[in-house]
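Below is one structure; the comments refer to it alone.
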Amino acid sequence: MFKRIIASAAVLFVMNAGAEAGFAQKFEATAFWGWGFSDGVSGQTYLTPGGEAFDRIDPKDSNLFGLGAGFLLNDNTEAGFLYSQQFSKLTLGGTLGTPDRDLGDMSVSNYHGYLGYNFGEVDARVRPFLYGGLGATHFGSVDYNTPFRQGTISGNTQFSTTWGAGVKFYATPKLGLRFGASWTPTYIKSDAAGWWCDPWWGCYLIGDAQYSNQIQLNAGVSFRF
């Protein structure tokens, strides 16, 4: 009888430990898809030989996909890496009645390390989250062919940050759905905005910074290990 009690207790202990381990996941991988709203920057008006006038250049709103991986530092805090790619086009913005023109296909890729916070208990089925990250945005090269010229615009990589929030719904301890939104501002250039004079430091030229902004809405799946 004593042996049976010990054996039963051992079985219950193993089952309980397995149940707790199911929620004590330390690594989470995510795949997501969505839509990106993007803008670019403005500049001096450019007149084409055909009489068209353009003063903006923008990535076009388009679909995207992404991958993420994060480690839980504790029950709520998470550190990881996010990658996303938007399948966009480079668009020239027209003025003086000139319609916008798509110049060519362009990818917009984001690479960010992030620190996030998951609200609620670690085994909760619904967990809101938010995060902030630092990294880079790469604007891919563009092959263009216009009536007046053809060629390739080289790609460019710039420092960027990313800020996001959303909610995860876990169907099982290891599988969940993820819905999120993020904002990624990328510094592109600064335009001269005038002079600033200080009695101690003298006068110097100040600039008006321009950023290319991406707003992403996405949905995906999360796997916990």
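General observations
- Among the lysines of region 26-224, pairs that are 8 or more positions apart or on different chains and have alpha carbons within less than 22 Å of each other number 5.
- Cut-off under 5 Å, modelled amide H: who pairs with LYS89 long-range: LYS60, MET106
- Sequence-separation-based contact order of region 26-224, relative, with Cα cut under 8 Å and 6+ spacing, percent: 20
- Between ALA69 and ALA124, the modelled label-to-label distance comes to 2.8 nm, taking each label 7 Å out from Cα in the direction of the beta carbon.
- Both numbers refer to the Cα atoms of region 26-224; Rg and Dmax are 20.7, 65 Å.
- Over region 27-139, relative contact order from alpha-carbon pairs under 8 Å, at least 6 apart, %: 22
- At R0 = 35 Å, FRET efficiency that the Cβ-Cβ distance of PHE81 and SER42 yields, to 0.05: 0.60
Each value in this text was obtained by applying a stated rule to the coordinates, not by laboratory testing. For clarity, every value in this text was computed on a predicted model and none was experimentally measured. Here the Cβ is made from the backbone with ideal geometry for all residues, glycine too, and neighbour counts use every protein chain on show.
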